[in-house]
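The values are calculated or read from the model by the stated rules, or taken from the named source; none is laboratory data. Keep in mind that this is a model prediction, so the values were computed, not measured. In this analysis, Cβ positions are derived from the backbone assuming ideal geometry, glycine residues included, and neighbour counts consider all displayed protein chains. With ligands, DNA and RNA removed, areas are computed over all heavy atoms of the protein, side chains included. Shrake-Rupley method; radii C 1.70, N 1.55, O 1.52, S 1.80 Å.
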Amino acid sequence: MTTTGSGVLRLAGTVLPAGERQEIHLSGGLVVDRPATADVSTLSTDGWIVPGLVDAHCHIGLDQRGAVDEATQVEQAIADRDAGALLVRDAGSAADTRWIDDREDLPKIIRAGRHIARSKRYIRNYGWEIEPSELVAYVEQEARRGDGWVKLVGDWIDRDAGDLTPCWPADVLDAAIARAHELGARVTAHVFGEHALPDLLAAGIDCLEHATGLRPEMLDEMARRGVAVVPTIIQLENFPMYADQAEAKFPQYAAHMRDLFARRHETLRNAVEAGVPVYAGTDAGGVLGHGLVADEIRALTEIGMSGEQALAAGSWAAREWLGVPGELTPGAPADLVVYDEDPRQDPRVLDRPRLIVLRGRVVKG
């Protein structure tokens, strides 16, 4: 690993999103103006320089059974980092990963606290499982524990109904989301199906995860309000497996999941065409492993995004959405990835980063 020390690191190449050949200088973990000092070390003189990638739906600290130990958290974080994901929005974790903030060699994590789920209506050992009367209090708790986000489980299989149903009454959602906003936190929600969406949107939700139940009549208002979608397209490939596993006991749910899967690309393409903000997130940490952000960015091109739009959704646009400078201008974090070819033209290039710089330090290359 290379450190900046008291000197300055220099890179030159085609810098995105501007698409122009530029020089970038790094010092003290930030992009800086071109220095007058001669103490400059050159890292790279060509290639395409991209602001650090973003996995906007990730679960460092989780596996299929629940919270994992610190050694496993490090392995997960390194896998994400080495794929170029230098900023992660952790969309719910049962583990306390705050100690990672002291590791300069691991990605920056923006946390949503722990999932807030309805009792017996979510994956065991993942979230707080509570009743509606407790929702506001738990939203307050997680808003204070997180980094400006709260994660709700908006729908899940209801075993009595045999299908996906909303987890929360409308009046409770209204109060809980309003309280989160009072505390300065944004709220996102896991939601697969259609039925939970009207109440979530009416309550002022800021983001939807997966969102395979979106309907065309919802999209213009979502675009107007800037309600984002993180579709986790590579995770949606597991819907047929979920359906097969549930078929014998919950055939209605199984049929519903297959229908959502069959329409997933059309549903999400409609959202893109309507101007709904869409960002890249893998849902790593449960069924999926870490380090898959390139796969998700490529998958965004399957729902109508151009190569540049998809890359923006997993880089500079996602960084801005999460409150981090998106472009590599003076004062921005010195987080970047260098590729030999233009990843806008061929997203397969994202699998082959030549150089990864995190907080002004070379961590790969």
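Quick check: at a probe of 1.4 Å, how many percent of the accessible area of the chain sits on carbon and sulfur atoms? Ligands and nucleic acids excluded, carbon and sulfur give 46 percent. Averaged per residue, the stretch 202-332 has 37 square angstrom of accessible surface, using a 1.4 angstrom probe with ligands and nucleic acids left out.
Where a Cα-Cα gap under 26 Å defines reach, which lysines qualify for LYS151, not counting those fewer than 8 residues away within the same chain? Those lysines meeting the cut-off are LYS108, LYS120.
Provide the gained length on full extension for the span SER41 to ARG159, in nm with one decimal, where the gain is 0.36 nm per separating residue minus the Cα-Cα distance.
Contour length minus the Cα-Cα distance gives 36.3 nm.
A convex hull fitted to the Cα coordinates of the stretch 1-107 yields 117 cubic angstrom per residue. For LEU135, the shell of other residues with beta-carbons less than 11 Å away shows a net charge of -4, using +1 for Lys and Arg and -1 for Asp and Glu.
Jot down the per residue volume, in cubic angstrom and as a whole number, of the convex hull over the alpha-carbon atoms of the stretch 65-105.
Values: hull volume 3.4 nm³, N = 41.
Taking the convex hull of the Cα positions in the stretch 65-105, it is 82 Å³ per residue.
Sorting 158-164, 12-18, 173-179, 310-316 by their mean Cβ neighbour count within 10 Å, with the most densely packed peptide first, gives 310-316, 173-179, 12-18, 158-164. Here LYS364 is the anchor, and the aspartates and glutamates within straight C-alpha reach of less than 17 Å, apart from those fewer than 8 places off in the same chain, are ASP46, GLU75, ASP80, ASP82, GLU104, ASP105, ASP335, ASP340, ASP351. With the alpha-carbon atoms of the stretch 74-160 aligned to their principal axes, the span from lowest to highest coordinate is 45, 26, 16 Å, starting with the largest.
Please compute the per residue accessible area over the stretch 1-149 with all protein chains in place, 1.4 Å probe, rounded to a whole number of Å². Present the calculation step by step, with values, prior to reporting the outcome.
Values: 6360 Å² over 149 residues.
Result: 43 Å² per residue.
When peptides 242-251, 52-61, 138-147 are ranked by their average number of other Cβ atoms within 10 Å per residue, the highest-first order is 52-61, 138-147, 242-251. Taken over the Cα atoms of the stretch 199-290, the convex hull encloses 107 Å³ per residue. For the stretch 269-365, the mean projected area of the C-alpha convex hull, equal to one quarter of the hull surface, is 7.0 nm². Among all the aspartates and glutamates, which ones have a C-alpha under 17 Å from LYS249's C-alpha, if same-chain residues fewer than 8 places away are not counted? Within the straight-line cut-off, LYS249 pairs with ASP158, ASP160, ASP163.
For the stretch 80-226, the alpha-carbon coordinates run over 46, 33, 31 Å along the three principal axes, in decreasing order.
What Kirkwood hydrodynamic radius, in Å, does the stretch 122-207 give when the mean of 1/r is taken over all pairs of distinct Cα atoms and then inverted?
About 13.0 Å for the stretch 122-207.
Across the chain the C-alpha pair distances fall into 10 Å bins from zero in the proportions 6, 25, 33, 23, 10, 3, 0, 0 percent.
The C-alpha atoms of the chain define a longest principal axis, and helix 135-145 lies at about 10 degrees to it. Converting phi to 3J(HN,Hα) with the Karplus coefficients 6.51, -1.76 and 1.60 and the offset θ = phi - 60°, the stretch 55-63 yields 9, 8, 8, 9, 9, 5, x, 10, 9 Hz in sequence order, with x at every glycine or proline.
Close amide H pairs (under 5 Å, H built 1.01 Å from N) link VAL187 with VAL150, ASP206, CYS207, residues at least 5 positions away or on another chain.
Under 5 Å between amide hydrogens, built in the peptide plane, is the criterion, and for ASP158 it picks out ASP163, LEU164, THR165 among residues at least 5 positions away or on other chains.
Here the stretch 138-152 is scanned for amide nitrogen atoms under 17 Å from the site 7 Å beyond the Cα of GLU182 along Cα-to-Cβ, giving 138-145, 150.
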